[in-house]
Each structure stands twice: as structure tokens, then as C-alpha cells.
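One structure below.
The values are calculated or read from the model by the stated rules, or taken from the named source; none is laboratory data. Here the structure is a predicted model, which is why all the values come from computation and not from measurement. In this analysis, Cβ positions are derived from the backbone assuming ideal geometry, glycine residues included, and neighbour counts consider all displayed protein chains.
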Amino acid sequence: MKKIISTVFLFLLLAPQVQAISNGENLANEKCGACHLMGQITKEKLSRMAAPPYWIIGKKFQAANNNREESIISMMDYVYNPSAEKMLFPKETRERFGLMPSQKGLISESELRAVVEYIIDNSSK
């Protein structure tokens with residue numbers, strides 16, 4: 001009985017975190033997947049990729065910032081206010097994909113935070 005109660009308690013404790021991860025992943029696929037390579041790589045996805053893959057973006061923001069929160073804030077700022085100065089990729093990447101269009105008005109701040117947290121947390125795996 002104690003084992004069952006412990007298991008249920010653990011599930012209830014972790015359920016919000018699991019929900020947040022799946023929410024971030026779902027939003028990332030929905031809001032970002034049209035341009036960025038998200039999820040499993042397929043020939044079709046590679047052929048229509050119009051921006052760098054999400055995990056590379058996450059790694060770039062992590063390398064350019066001191067900690068997770070700075071990476072999140074920096075990426076959110078870039079998504080809403082992109083500029084060549086803020087772009088973390090080399091010239092060749094900029095020439096291939098161009099500058100990301102602002103997503104201001106297309107994704108709420110809370111949705112964007114969920115997406116960015118998902119990208120940051122899953123780009124090092």
C-alpha cells in the first residue's frame with residue numbers, strides 16, 4: 001500500500017513538469033516546425049527546412065550565455081526582435097536562411113517561453 005501511495009504521490013509531483021515539457025514540444029512543433037527542423041529528421045523535412053534546426057539554435061544560445069535563464073531571455077528577445085547583430089550563426093548560415101522574421105504578435109510570451117525552455121532543455125541531448 002505504501003508503494004502505491006508513493007507511486008501516486010510521485011506521479012502527481014511530476015505530472016506538471018511532464019505536461020510543461022509536452023506543451024513546449026507541441027508548441028515548438030506547431031509554431032516553429034514550418035521553418036525549423038523539429039523532431040525526427042526526414043527527407044521531406046530536410047527538403048523544406050527554411051531555418052537552422054532547433055537543437056543547433058539551442059546550443060548556440062547556451063554557448064553565448066552564462067546560464068539557462070540568460071539563454072532563455074536572449075532567445076526570446078531574438079524571436080521578438082531579430083537583428084543581424086543578435087544572430088549567433090556565421091555569415092554562410094545568414095546567407096542561406098536570411099534573418100528570421102519577428103514572431104511578435106504570432107506567439108504569446110507564455111507560449112514563447114514554453115517553446116524556448118523546451119529548445120534550451122533539449123538541445124544538449
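Among residues that are touching a residue at least 40 places away in the same chain (Cβ under 8 Å) and surrounded by 14 or more Cβ atoms within 10 Å (Cβ to Cβ), Val79 is not included. Cβ-Cβ distance below 7 Å, separation of 6 or more or different chains: which pairs start in the stretch 92-108 with a residue that is in contact (Cβ under 8 Å) with a residue 12 or more places away in the chain and surrounded by 12 or more Cβ atoms within 10 Å (Cβ to Cβ) and end on one that is β-branched (Val, Ile, Thr) and in a helix (DSSP H, G or I)? Matching pairs, first to second residue: Gln103/Val79. State whether one or more residues within the stretch 53-76 are of a type in the set (A, V, I, L, M), part of a helix (DSSP H, G or I), modelled with pLDDT of 95 or more and exposed (fewer than 12 other Cβ atoms within 10 Å of the Cβ). So far as the stretch 53-76 goes, yes, one or more of its residues are of a type in the set (A, V, I, L, M), part of a helix (DSSP H, G or I), modelled with pLDDT of 95 or more and exposed (fewer than 12 other Cβ atoms within 10 Å of the Cβ). The residues listed here are Ser102, Ser74; of these, the one that is hydroxyl-bearing (Ser, Thr, Tyr) and more than 14 Å from the chain's Cα centre (by Cα) is Ser102.
When the stretch 20-51 is limited to residues that are within 15 Å of Asn122 (Cα to Cα), touching a helix residue (DSSP H, G or I) at 6+ places or on another chain (Cβ under 8 Å) and part of a loop (DSSP other than H, G, I, E, B), the one that is modelled with the lowest pLDDT turns out to be Gly39.
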